[in-house]
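Novice: Below you will find the structure I want to go over with you.
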Ligand SMILES: [Zn+2]
Ligand SMILES: [Zn+2]
């Protein structure tokens, strides 16, 4: 979907599983739906009495600013730092792990490296990450919203190893 608001607008899932609108890093929850208009208010509306609001046309998805000013910094997603580690896969390639989800290098750019989830092809997972282009660089940005549980690759690799072992045993049996 395309939006006419300046800055970045995207949908995110809240911890409770409801859709939220994220505008320039701030999250909004749906307040009222009236005819063709959805009113979104800042998720800090209750806690901090933040007045920031947007409204959205349902038919076009277009977002308009009602009141742009928050009375706080971006808090939602910064509360907990993600657990970031680098891992060398069995094949010897460098992988990025964020909160137990594994990423593989997708594209190396001048100053950044783009990473994609290992399940991108298999499960069409849309999770991505960007790090600075240093060896084991810091994470700039990530979307760690996956359509599958973490650590699938490890199980898959284990299953594959078992299969290979069985094949090897079978070959040995055939030889003997
Ligand atoms: Zn706010
Ligand atoms: Zn994924």
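The values are calculated or read from the model by the stated rules, or taken from the named source; none is laboratory data. Here the structure is a predicted model, which means the values were calculated and not measured. Using ideal geometry, Cβ is built from the backbone for each residue, glycine included, and neighbour counts are taken over all protein chains shown.
Novice: Filter the range 11-23 down to residues that are touching a strand residue (DSSP E or B) at 6+ places or on another chain (Cβ under 9 Å) and exposed (fewer than 14 other Cβ atoms within 10 Å of the Cβ) and give me whichever is nearest to residue 60 (Cα to Cα).
Specialist: Checking each candidate, the answer is 11.
Novice: Assess whether residue 81 counts as being in contact (Cβ under 8 Å) with a residue 40 or more places away in the chain, loosely packed, with under 14 Cβ neighbours inside 10 Å and not in a helix (DSSP H, G or I).
Specialist: On the way: in contact (Cβ under 8 Å) with a residue 40 or more places away in the chain: no; loosely packed, with under 14 Cβ neighbours inside 10 Å: yes; not in a helix (DSSP H, G or I): yes.
The answer is no for residue 81.
Novice: For the range 92-136, give me the residue count where each residue is in a loop (DSSP other than H, G, I, E, B) and either at pLDDT 90 or above or closer than 30 Å to residue 23 by Cβ (or both). Don't jump to the end; show me each part of the working.
Specialist: Initially, the range 92-136 is screened for residues in a loop (DSSP other than H, G, I, E, B), giving 92-93, 99-100, 109-111, 118-119, 124-127, 133-136.
Checking which are either at pLDDT 90 or above or closer than 30 Å to residue 23 by Cβ (or both) leaves us with 92-93, 99-100, 109-111, 118-119, 124-127, 133.
Summing the residues that are in a loop (DSSP other than H, G, I, E, B) and either at pLDDT 90 or above or closer than 30 Å to residue 23 by Cβ (or both) in the range 92-136 gives 14.
Novice: Identify the single condition in (1) in a loop (DSSP other than H, G, I, E, B); (2) modelled with pLDDT under 90 that residue 21 does not satisfy, given that it satisfies every other one.
Specialist: Residue 21 satisfies all of (1) in a loop (DSSP other than H, G, I, E, B); (2) modelled with pLDDT under 90 except (1).
Novice: Report, by residue number, each residue of the range 49-78 that is part of a loop (DSSP other than H, G, I, E, B), at pLDDT below 90 and either surrounded by fewer than 15 Cβ atoms within 10 Å (Cβ to Cβ) or within 11 Å of ligand 1 (Cβ to nearest atom) (or both).
Specialist: To start, the set of residues in the range 49-78 that are part of a loop (DSSP other than H, G, I, E, B) comprises 49-52, 58-62, 68-75.
Okay, now just the ones that are also at pLDDT below 90, so 58-62, 73-75.
Scanning the range 49-78 gives 58, 59, 60, 61, 73, 74, 75.
Novice: List every residue pair whose Cβ atoms lie under 6 Å apart, where the two residues are 6 or more positions apart in sequence or sit on different chains, the first residue falls within the range 104-133 and is farther than 23 Å from residue 148 by Cα and in contact (Cβ under 8 Å) with a residue 40 or more places away in the chain, and the second residue, located anywhere, is in a loop (DSSP other than H, G, I, E, B) and more than 16 Å from ligand 1 (Cβ to nearest atom).
Specialist: none
Novice: Determine which single condition residue 45 fails, assuming it passes every other condition in (1) under 20 Å from residue 145 (Cα atoms); (2) assigned to a loop (DSSP other than H, G, I, E, B).
Specialist: With (1) under 20 Å from residue 145 (Cα atoms); (2) assigned to a loop (DSSP other than H, G, I, E, B) applied to residue 45, the lone miss is (1).
Novice: Sticking with this structure for a sec: Just name the residue that is surrounded by the most Cβ atoms within 10 Å (Cβ to Cβ) out of those in the range 24-37 that are under 25 Å from the mean Cα position of the chain (by Cα) and not in a loop (DSSP other than H, G, I, E, B). Even if it seems obvious, please write down each step before you answer.
Specialist: At the first step, the residues of the range 24-37 found to be under 25 Å from the mean Cα position of the chain (by Cα) are 24-31.
Next, from what is left, pick out any that are not in a loop (DSSP other than H, G, I, E, B): 26-31.
Numbers: 26: 23, 27: 18, 28: 25, 29: 15, 30: 14, 31: 15.
Once the filter is applied, the top-ranked residue is 28.
Novice: Right, something else. If you go through the range 134-149, how many residues are over 23 Å from residue 8 (Cα atoms), more than 15 Å from ligand 2 (Cβ to nearest atom) and touching a residue at least 24 places away in the same chain (Cβ under 8 Å)? It would help to see each step written out before you state the result.
Specialist: We begin by selecting, within the range 134-149, every residue over 23 Å from residue 8 (Cα atoms); these are 134-137, 148-149.
Imposing the further condition that a residue be more than 15 Å from ligand 2 (Cβ to nearest atom) reduces the set to 134-137.
Narrowing the set further to residues that are touching a residue at least 24 places away in the same chain (Cβ under 8 Å) leaves 136-137.
The qualifying residues number 2.
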